[in-house]
């Protein structure tokens with residue numbers, strides 16, 4: 001039997017979310033007109049989805065939502081529009097992002113850097129704590145916007161979005177936050193935090209990996225450019241299958257929202273038990289334990305063991321970890337943490353999914369003790 | 001990742017894994033020499049332990065400890081096997097990429113490692129060469145680090161481009177791992193950090209030199225062999241060796257190089273040196289030598305003589 005350890009990248013779609021997509025996924029790819037028709041046909045389902053999403057993220061009144069096939073493309077699209085409005089038109093020249101954002105945000109920022117935009121990447125310490133001082137120092141009136149996630153996807157450490165939002169609100173700098181990792185693990189409140197742009201990815205909520213959502217506060221100047229093909233507050237810009245994916249996202253968000261608290265507690269208990277077992281092993285350091293973290297996520301290092309070797313053994317033992325943990329070619333994780341030498345080649349990040357259980361934890365501990373630990377390199 | 005049987009087996013159960021100490025050295029009547037190549041911050045690091053016969057400057061026993069990719073353990077393990085009995089002075093010639101790569105293949109026709117992990121062999125060879133230089137107290141050449149994520153130097157990259165005739169950035173990554181981290185060293189636009197020198201610049205400069213050298217030593221097929229200059233003759237013979245001889249040698253973990261060519265009366269004497277497993281092999285002065293000589297005679301003329309040094 002294989003144990004699936006979701007680390008926010010390798011997610012298993014929930015069966016309930018898959019079920020509602022079946023009939024729609026059978027619809028062949030159709031024309032632009034056809035897409036409109038299909039959207040109209042499933043209007044009721046989509047409205048229901050939007051309502052669930054609005055409630056889950058506490059979206060402000062009249063907020064706009066845009067759906068895309070994947071989060072990376074959505075981030076590129078958002079940054080492109082912000083570039084037009086905030087850099088070219090508003091004459092700003094700098095953006096600030098968290099140095100360990102997902103690959104979509106990193107690559108979108110890189111595109112802007114090539115165009116001459118100054119990109120400031122805020123780092124974290126070896127315990128995964130966001131460098132708020134460096135962030136404050138970087139803030140000035142040339143900042144076009146700031147992009148900081150709700151939580152670090154690898155260590156699970158919660159980022160200080162509340163403080164960041166307050167600082168930015170004061171300086172009237174737009175704030176984008178990716179809440180994909182945090183969805184279903186902590187409450188998300190777009191209104192209270194006064195977030196201008198919030199993004200979510202379906203797979204992190206255990207929906208099929210084919211939909212991502214951007215929610216924008218009303219009266220934002222970029223809305224007009226972004227919503228070329230909008231229906232009310234739903235903008236579609238892709239294949240017919242997207243409608244199914246969006247509906248699945250809504251269902252997944254509903255489940256996550258209902259289970260928030262109950263499931264989170266269970267995962268926290270399992271995570272803590274896992275950590276306690278890890279701490280019994282000599283040479284293991286838990287990263288981010290001193291900070292508030294997502295209930296299902298943990299990160300650790302084993303002295304002298306490279307994450308490449310550890311990942312090999314986990315995979316060989318039937319413990320499927322996402323590629324974010326490995327050091328392989330074009331790995332977004334390595335690109336993201338390129339600024340942290342200490343963590344670069346040793347950090348292992350794991351996120352438990354609702355399917356994870358004690359047997360899975362035992363299997364990991366066994367693999368570490370029997371296979372991984374003996375490969376440790378002595379200093 | 002699915003590895004070949006040899007890689008999977010020797011990575012899981014390497015024969016030469018572990019440290020050697022002074023007691024081991026005394027027991028084997030040698031002295032202990034250790035060399036650490038790179039640090040864990042580079043993603044790969046290896047410590048080589050050699051028990052050395054100081055009189056002959058040869059390796060009695062070799063072991064290793066490593067940090068990094070799973071498959072690297074098999075590469076170091078195989079290298080330690082080859083290193084036994086080798087003279088340290090000859091390591092620069094006997095441990096080289098092609099020989100080691102062939103030695104760790106399961107099947108002569110299938111590469112030992114997936115493309116993106118070929119850098120492990122480059123890394124192991126570099127470790128052995130530097131360890132040998134360190135033992136012989138040779139001065140370390142100053143290196144300019146280009147890829148900071150994996151600590152890959154300009155010198156390593158240039159050598160890989162030359163040795164493997166690399167023509168693009170992806171191939172440089174395969175053979176050295178440079179540019180496979182934050183990507184800032186690829187070119188000015190690929191990453192967030194600034195660098196003094198970029199891979200694209202090293203590639204274009206090195207390619208320019210290679211092309212220039214190729215032109216200078218180009219062999220005109222219409223010119224008789226006897227009328228060629230010595231560098232052209234060597235290039236010509238190397239071409240024959242590449243096409244007809246080398247693949248047989250590297251299949252057994254060996255190789256050869258042309259050292260010189262001299263006209264000796266009616267004969268053309270070709271001086272060669274065996275590399276890798278061929279060096280010290282019993283057949284290298286009999287069957288293998290006759291086979292090489294016969295092929296060269298057939299291609300160049302009956303007066304060719306092959307003299308191994």
**Request:** Pop the C-beta distance of residue B:226 and residue B:271 into the FRET formula with R0 = 25 Å and round what comes out to the nearest 0.05.
**Result:** 0.90
**Message:** Output needed: percent of Cα pairs per 10 Å distance bin for chain B, bins running from 0 to the one holding the longest distance.
**Reply:** 6, 24, 31, 26, 12, 2, 0
**Asked** At q = 0.16, 0.20 Å⁻¹, what base-10 log of I(q)/I(0) does the Debye formula yield for region B:5-135 when every alpha carbon is treated as an equal point scatterer in vacuo?
**Response** -0.74, -1.14
**Request:** Partner chain Cβ atoms within 10 Å, averaged over the residues of B:65-74 - can you pull that number for me?
**Result:** 6
**Fill in**
One finds the C-alpha centres of region A:194-228 and region B:209-272 to be spaced, in Å, by 65 Å
**Complete:** Normalised per residue, the volume inside the convex hull of the alpha-carbon atoms of region B:31-105 in Å³ amounts to 83 Å³
**Asked** Just for the Cα atoms in the protein assembly as shown, what are the lengths along the principal axes, largest first, rounded to whole Å?
**Response** 98, 60, 52
**Prompt:** For B:191-199, what's the mean count of beta carbons from other chains sitting within 10 Å of each residue's beta carbon?
**Reply:** 2
**Request:** Just the number, please: percent antiparallel of the DSSP beta bridges in the protein assembly as shown, rounded to the nearest 5.
**Result:** 70 percent
**Fill in**
Row for region B:5-48, column shape: gyration tensor on C-alpha, a ≥ b ≥ c, rounded if a/c < 1.5 i.e. under 1.5, prolate if a/b over b/c, else oblate; value oblate
**Prompt:** Hey, what's the Cα Rg ratio for region B:171-309 versus the globular rule of thumb, 2.2 N^0.38 Å?
**Reply:** 1.41
**Item:** 10 Å Cβ neighbours from other chains, averaged over peptide B:176-187
**Value:** 3
**Asked** Kirkwood Rh, region A:63-157, all Cα pairs: how many Å?
**Response** 14.0 Å
**Item:** Ordering of A:292-302, A:278-288 by packing [mean C-beta count within 10 Å, highest first]
**Value:** A:292-302, A:278-288
**Asked** Stokes-Einstein D for region B:145-216 at 20 °C, 1.002 mPa s, Kirkwood Rh over Cα pairs, in µm²/s?
**Response** 178 µm²/s
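Values in this text are rule-based calculations from the coordinates and carry no lab data. Nothing here was measured: the structure is a model prediction, and the numbers come from that model. A quick note on method: Cβ atoms are made from the backbone with ideal geometry, for glycine too, and the neighbour counts reach across all protein chains shown.
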